[in-house]
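**Student:** Please read through the structure below; I'll follow up with questions.
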Amino acid sequence: MRVTKFAVPFMALAASLAFNVGAANAEMTDAGKKAMRAAGEIMFEQRCRSCHADDPARKAYGPSLIGVLGRTAGTLEGFAYSDAMRNSGIVWNENTLRAWMADNDGFMPGTRMRHVGIDDRAEQDFLLAYLKTLSGN
């Protein structure tokens, strides 16, 4: 996906509008879901891809995020996790991933990952929508 200087604000606006329409109807429309995933993919490109892969054929500095939802932290084979991560017992779900995105150092002291600092709920929603596509959800 080619990212232009207008892509992120446009996708964020589209997803936000679709989400608000969906929230009013108690369920997001298919167009809203598609916009959320697209905005999440753009956010992944900007915030995550430098360290994490979303393609099984690509090697990355950090662990792959394919199948992260539902996975126990520190268990993906082939990656040298910190003791804090390996011993945490955390299962990655929406709540734990939100906490991680907002303040990974505070959420898991001793992690080796640099601070993320994505505390905007809409940005978290976009990333989670995209991560769900990587997990088959």
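The values are calculated or read from the model by the stated rules, or taken from the named source; none is laboratory data. The structure presented is a predicted model; accordingly, all values stated were derived computationally and were not measured. All Cβ positions, glycine included, derive from the backbone under ideal geometry; neighbour counts span all protein chains shown.
**Student:** Do we find that Ser50 is in a loop (DSSP other than H, G, I, E, B), hydroxyl-bearing (Ser, Thr, Tyr) and in contact with a Leu (Cβ under 9 Å, 6 or more places away or on another chain) in this structure?
**Tutor:** no
**Student:** On the basis of being at pLDDT below 85, closer than 18 Å to Leu131 by Cα, over 18 Å from the mean Cα position of the chain (by Cα) and not hydroxyl-bearing (Ser, Thr, Tyr), does Ala18 make the cut?
**Tutor:** No.
**Student:** Another question, then. Out of (1) closer than 21 Å to Ser135 by Cα; (2) within 16 Å of the chain's Cα centre (by Cα); (3) exposed (fewer than 14 other Cβ atoms within 10 Å of the Cβ), the odd one out for Cys48 is which?
**Tutor:** Of everything listed in (1) closer than 21 Å to Ser135 by Cα; (2) within 16 Å of the chain's Cα centre (by Cα); (3) exposed (fewer than 14 other Cβ atoms within 10 Å of the Cβ), Cys48 misses just condition (3).
**Student:** Do you know which residues across region 88-105 are farther than 17 Å from Phe44 by Cβ and either surrounded by fewer than 13 Cβ atoms within 10 Å (Cβ to Cβ) or of a type outside the set (Ser, Thr, Tyr) (or both)?
**Tutor:** Listed by number, the residues that qualify are Gly89, Ile90, Val91, Asn93, Asn95, Ala99, Asp103, Asp105.
**Student:** Residues of region 106-123 being over 13 Å from the mean Cα position of the chain (by Cα), over 13 Å from Arg47 (Cβ atoms) and loosely packed, with under 14 Cβ neighbours inside 10 Å, which ones?
**Tutor:** Gly106, Pro109, Gly110, Arg112
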